[in-house]
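Input: a single structure, listed below in structure tokens.
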Amino acid sequence: MTATKREPAEGAKTAILYLQLQDSLREAIVGRKFAPNDAIPTERELAEQYNVSRITVRKAIDGLVYEGLLTRRQGAGTFVAERVEKSYSKMTSFTEDMMSRGRVPSSQWLSKTAGTVNPEEALSMGLSPGTLVYRYNRMRFADGTSMGLDYSTVPADCLPSLESVEDSLYSALEANGTRPVRALQRLRAVAFNAEQARLLEIPVGSPGLLIERRGFLADGRPAEYTKSYYRGDAYDLMSELAHNP
Ligand code: 16G
């Protein structure tokens, strides 16, 4: 059998083109040719500029959206994703964090259940076995892009009912006069597992930040035990330090 030099098949050519376009867009974003929050050129403009089809452009952009470098805003275009600079030392809620940055928060419920504390929750919050708690598990989005997952447990005596939490846990707690005023937090690096990655539509093993928060009321009673799994590519955590000799 003789080896013949063959032209790449049509499909392979498209694949090469979209990967090339993806690389040059990625370079432009990482090299800050486009700043965070900048709109990138439209599909039509990119297709003309790079002399490729709009399908190729769409595929290249899809990949960068998947990587978290770009976000699509309905009706407005495609923008360079902006990392959320979140203070590690302020006790804000996801809703407040997003709204203060002009992003539109939304959530998708994974579950909302009532039950008695499990051993982990009991130890974390100092609750006696048998205490009734509400559990709220949610996917969190900003402008429709997945940002992370919140798994919250709240003692039932902090809320009027399981159903009282709609869009924001903290506003429900606030309305009930039981918003935590003090918290302990612990931060750990994690890799998203297959289930979490599927929910967030990111590659399995993507880096994440696990922030565990235990929130307390002024009288010391526990009000919240939340595990927040935030996308590592979406957040910058900031805190202010002072030297107090
Ligand atoms: C944030 C908090 C979480 C809180 C949630 C309430 C961190 C690390 N975690 O995700 O503890 O339960 O906000 O948000 O800040 P919501 O009021 O928008 O439901």
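When each of 150, 143 is tested for being surrounded by 15 or more Cβ atoms within 10 Å (Cβ to Cβ), closer than 30 Å to residue 67 by Cα, more than 14 Å from the ligand (Cβ to nearest atom) and in contact (Cβ under 8 Å) with a residue 40 or more places away in the chain, the lone residue that passes is 143. Within the set 13, 33, the sole residue that is basic (Lys, Arg), at pLDDT below 90 and either in contact with a Lys or Arg (Cβ under 7 Å, 6 or more places away or on another chain) or not in a loop (DSSP other than H, G, I, E, B) (or both) turns out to be 13. Considered as a group, the residues in the range 42-62 that are closer than 28 Å to residue 232 by Cβ and surrounded by fewer than 18 Cβ atoms within 10 Å (Cβ to Cβ) include one that is modelled with the highest pLDDT, and that residue is 58.
Residues that are within 10 Å of the ligand (Cβ to nearest atom) and touching a Pro at 6+ places or on another chain (Cβ under 6 Å) within the range 224-245 comprise just one, 224.
If you check 194, 183, 172 for being modelled with pLDDT of 95 or more and more than 9 Å from the ligand (Cβ to nearest atom), only one passes: 194. Filtered by the rule that a residue be among the polar types (S, T, N, Q) and within 16 Å of the chain's Cα centre (by Cα), the range 55-72 gives a lone residue, 71. Condition (residue is closer than 19 Å to residue 136 by Cα and not assigned by TED's automatic domain parsing to the domain that holds residue 67) applied to the range 235-244: is it met by at least one residue? Taking every residue of the range 235-244 in turn, none turns out to be closer than 19 Å to residue 136 by Cα and not assigned by TED's automatic domain parsing to the domain that holds residue 67. Taking (1) away from the ligand (no atom under 12 Å from the Cβ); (2) over 16 Å from the mean Cα position of the chain (by Cα); (3) open to solvent by 60 Å² or more (accessible area, probe 1.4 Å); (4) of a type outside the set (Lys, Arg) in turn, residue 110 satisfies each apart from (2). Scanning the range 63-93 for residues that are open to solvent by 50 Å² or more (accessible area, probe 1.4 Å) and in a strand (DSSP E or B), we see that the one that is nearest to the ligand (Cβ to nearest atom) is 85. Of the residues in the range 73-95, how many are more than 14 Å from the chain's Cα centre (by Cα) and closer than 19 Å to residue 173 by Cβ? The number of residues fulfilling the criteria is 3.
The values are calculated or read from the model by the stated rules, or taken from the named source; none is laboratory data. Being a predicted model, the structure only gives us computed values, none of them experimental. Counting neighbours? That spans all protein chains shown, and the Cβs are built from the backbone with ideal geometry, glycine included. When the accessible area is computed, the model is the full protein with side chains, heavy atoms only, and any ligands, DNA or RNA have been set aside. Shrake-Rupley method; radii C 1.70, N 1.55, O 1.52, S 1.80 Å.
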